[in-house]
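To start, the structure under review is shown below, and the notes come after it.
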Amino acid sequence: MGKPTAEQLEQALAQAAWLRENDVDEHFLGKSLLNHNYRLHLLEDVQHKAKLYLHSGSSAQAHRELLRAIEKAEAASRDIGEEDQSLGH
């Protein structure tokens, strides 16, 4: 399956938002697409920060930024009320 074009994704996200706003999202397609798009951006940030960390010679600042990005992505992936099961918490 190919990746949607920017225009196709924009149209799909607009339709997903419309489904949610008009309370006609009976199969949760709009909710799922909006949630996955949000989490995808967070995971892309993790990927970007990981590359920076690796290319920076493993600097402490890049390490902190990578950890924050990972924590943010993990938090967005948890269900409401689900406890944080990450290491160190």
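The values are calculated or read from the model by the stated rules, or taken from the named source; none is laboratory data. What you are looking at is a predicted structure, and each value in this text was computed from that prediction instead of being measured. Neighbour counts run over all protein chains shown; Cβ positions are idealised from the backbone, glycine included.
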Would you please name the residue that is nearest to residue 3 (Cα to Cα), looking only at residues in segment 18-36 that are surrounded by 14 or more Cβ atoms within 10 Å (Cβ to Cβ) and of a type outside the set (Asp, Glu)? 33
Need the failing condition index for residue 38 against (1) among the hydroxyl-bearing types (Ser, Thr, Tyr); (2) farther than 21 Å from residue 79 by Cβ; (3) assigned to a helix (DSSP H, G or I), just the number. (2)
For residue 42, are the conditions met, namely being surrounded by 15 or more Cβ atoms within 10 Å (Cβ to Cβ) and under 24 Å from residue 4 (Cβ atoms)? yes
Name, by its number, the condition in (1) modelled with pLDDT of 95 or more; (2) assigned to a loop (DSSP other than H, G, I, E, B) that does not hold for residue 12. (2)
